[in-house]
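Heads up: the structure comes next, in structure tokens.
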Amino acid sequence: MANPKLKKKARKLVEQHKFGPASQCYQQLLQQDSSDWEGWLEFGRLHQRVGQPDQALVCFKRVIALQPDHAEAFFHLGEALQALGNAADATQAYLHALRARPDWLEAMLRLAKLSESQTHYQDALDWYERLLSLAPGHVQALIGQGNVFALMGRDARAIECFRRALQADPQQADAHRLYCYTLYKAGRYQEALQGYEAMARAFPDRPEPLASRARLLDLMGQKDEAGRQLAALVERHPTNPFVALAYANLDHGRDEAGRRIELLQGILADHRQRLDGETKARIHFNLGRLLDQTHQFDQAFAHYRQGNQLMQRPFAIDEHERQIGEIIRYHAPDAFAALPRVEGAGRRNIFIVGMPRSGTTLTEQILSSHHAIHGGGELRAISEILGKIAATLEGHPPYPEFMPRLSDEVCREMSRYYQEQTAALARDDSYVTDKMPQNFLSLGLIARLLPEARIIHCQRDPRDTCLSCYFQNFSTGHAYANDLETLGRYYRQYRRLMRHWYDLLGERILTVKYEQLTEAPEDTIRRMLDFIGLGWDDNCLNFHNSRRIVNTASYNQVRQPLNRRSVARWRRYEKHLQPLLEMFPEA
């Protein structure tokens, strides 16, 4: 029999945040009566509260054994499984909770977010749609739906979702931030500026919206005005990390680097600041960049190392090497030749691929300066297509496993989808570039869906490429870049796969070496334009005068004439790079 006094005591201890004694009470309670499902549920919630999902899991399973249709137990079971990284079983637990309570909005929200985290974007949208049909003004669902649309590159739909969220709750900071960022990403810069102004009115005591607005002015080329606004904000908010980082990101050369270094170092040294790991990492990466500008290379590397350690996320490099082997196996010459091919498709498409920081942004900026080429940026259409193809097949096999099961119909549909997505970006019949570097993983599929597309492969000295990746604070993805050894192994797998694509596709790929582009720009640009089938345009040499806004890490570089300052940059840091240099003795 359950002991009501002991249970009451345990609950009281939890309310008082005395979790150790509360745990002892629950253990005693459940030893006396192991069939007390309510006690197991409360004990499981206590384990969750103190960060013990494995022990919480045991408790919730006991509840379900005693109460097989208990919705709350299944929901908490899903939370525990999710905390342990078991997304598949967590999904099933949330589905059980929904079957027991079909209108449970929070369970739908969890399922949507789980689907999003696994890049099952259409599933996520379906869950958000179901949730919003029951609660049309649900702010978190609107924000989540908008975020998925943004991840899919459907910026107009994302903007509408964020706008609806702000109508439901004008004080929702995340909705303001995402709304403004997506407007900027979609090229709607004036609306983004107005959005930051609205955010500043909603949060008059917070300087972050005005700092973001000034940062956008900088990206739009209004450097002097951005500098004036940020300098004024620094004067009023000298200890605000966000303001300091926005100010430090202004690129005004070595002359003003000292003030920025001093500002950031002061924030790191201020023990009153409660900085989260991501903010600390951003400060370290910026200090690394500024110290590099002032030729303080040892100090710069120390900050880059600290930034990478703070941002380090798991990356299964052994599994990645296996996946590269699988891509090669599924694209063996005989198997590739037997795949369906959409004849004549892709004549207006240009793919720019390579490792991040290998010159892909520079190459796109040069080409998009041509009157007949529209720069599409890093498009997500190919990753969407990978998901769409998997969804059409029984068992949903991922890429590259689905390659032997491609049909003519699916290939035509996906080819048409890609061309419609890219054609919508250009106002006329321009060529459209897609510079998503990771498309190098899918060149075999691209060659079948869009056989007339041009593929330009950007190459750079592996030591410079990897150093530049290590020095870049990637906000999402690229977890391999936070560790030099893992980064080197990832590069070697990239090179292994590209060798296979060259063997398979031959002259359909044009290699552009960063070092040659900076040494002989006109010859290299002419070679690219000949490969595409276009005549010369003087604007390609004057790409730095383009008004096109670039929202990648290379936005400052593409506003400057071609130079060789970044060639052999690795030599400045040679003594710090041994784990990396040992992997490229032939470079």
Given (1) closer than 25 Å to residue 275 by Cβ; (2) open to solvent by 20 Å² or more (accessible area, probe 1.4 Å); (3) in a helix (DSSP H, G or I), number of the condition residue 251 does not satisfy: (3)
In the range 353-376, residue nearest to residue 420 (Cα to Cα) [restricted to those that are assigned to a loop (DSSP other than H, G, I, E, B) and of a type in the set (A, V, I, L, M)]: 372
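Residue-by-condition table, conditions (1) assigned to a loop (DSSP other than H, G, I, E, B); (2) closer than 30 Å to residue 455 by Cβ; (3) in contact with a Pro (Cβ under 7 Å, 6 or more places away or on another chain); (4) not hydrophobic (A, V, I, L, M, F, W, C):
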position	(1), (2), (3), (4)
259	no, no, no, yes
268	no, no, no, no
281	no, no, no, no
307	no, no, no, yes
315	yes, yes, no, no
328	no, yes, no, no
336	no, yes, no, no
351	no, yes, no, no
In the range 494-536, the residues that are more than 28 Å from residue 333 (Cα to Cα), free of Cβ contacts under 8 Å to residues at least 24 places away in the same chain and either open to solvent by less than 60 Å² (accessible area, probe 1.4 Å) or not in a helix (DSSP H, G or I) (or both): 520, 524, 535, 536
Contacts under 8 angstrom Cβ, first residue in the range 337-348 being of a type in the set (Val, Ile, Thr), partner open to solvent by 80 Å² or more (accessible area, probe 1.4 Å), 6 or more apart: 342/412
Residue selected from the range 208-259 under the condition in contact (Cβ under 8 Å) with a residue 40 or more places away in the chain and among the aliphatic types (A, V, I, L, M), by the criterion farthest from residue 295 (Cα to Cα): 220
Some residue of the range 218-229 being open to solvent by less than 60 Å² (accessible area, probe 1.4 Å), assigned to a helix (DSSP H, G or I) and closer than 25 Å to residue 151 by Cα: yes
Qualifying residue in the range 45-68 (condition: small (Gly, Ala, Ser) and on the phi > 0 side of the Ramachandran plot): yes
Residues that are open to solvent by 10 Å² or more (accessible area, probe 1.4 Å) and within 12 Å of residue 377 (Cα to Cα), drawn from the range 427-436: 436
Residue count, the range 385-426 (criterion: among the aliphatic types (A, V, I, L, M), surrounded by fewer than 18 Cβ atoms within 10 Å (Cβ to Cβ) and touching a Phe, Trp or Tyr at 6+ places or on another chain (Cβ under 9 Å)): 2
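Does residue 382 satisfy being touching a residue at least 60 places away in the same chain (Cβ under 8 Å) and surrounded by 20 or more Cβ atoms within 10 Å (Cβ to Cβ)?
yes
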Residues of the range 136-163 classified as surrounded by fewer than 21 Cβ atoms within 10 Å (Cβ to Cβ), without any contact (Cβ under 8 Å) to a residue 24 or more places away in the chain and within 19 Å of residue 196 (Cα to Cα), total: 2
Qualifying residues in the range 269-312 (those that are touching a helix residue (DSSP H, G or I) at 6+ places or on another chain (Cβ under 8 Å) and more than 27 Å from residue 566 (Cβ to Cβ)) - the one surrounded by the fewest Cβ atoms within 10 Å (Cβ to Cβ): 277
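The values are calculated or read from the model by the stated rules, or taken from the named source; none is laboratory data. Just so you know, these numbers come straight off a predicted model, no measurement behind them. Positions of Cβ are generated from backbone atoms using ideal geometry, with glycine treated the same way; all protein chains shown enter the neighbour counts. These area figures cover heavy atoms from the full protein model, side chains too; ligands, DNA and RNA do not enter into them. Shrake-Rupley method; radii C 1.70, N 1.55, O 1.52, S 1.80 Å.
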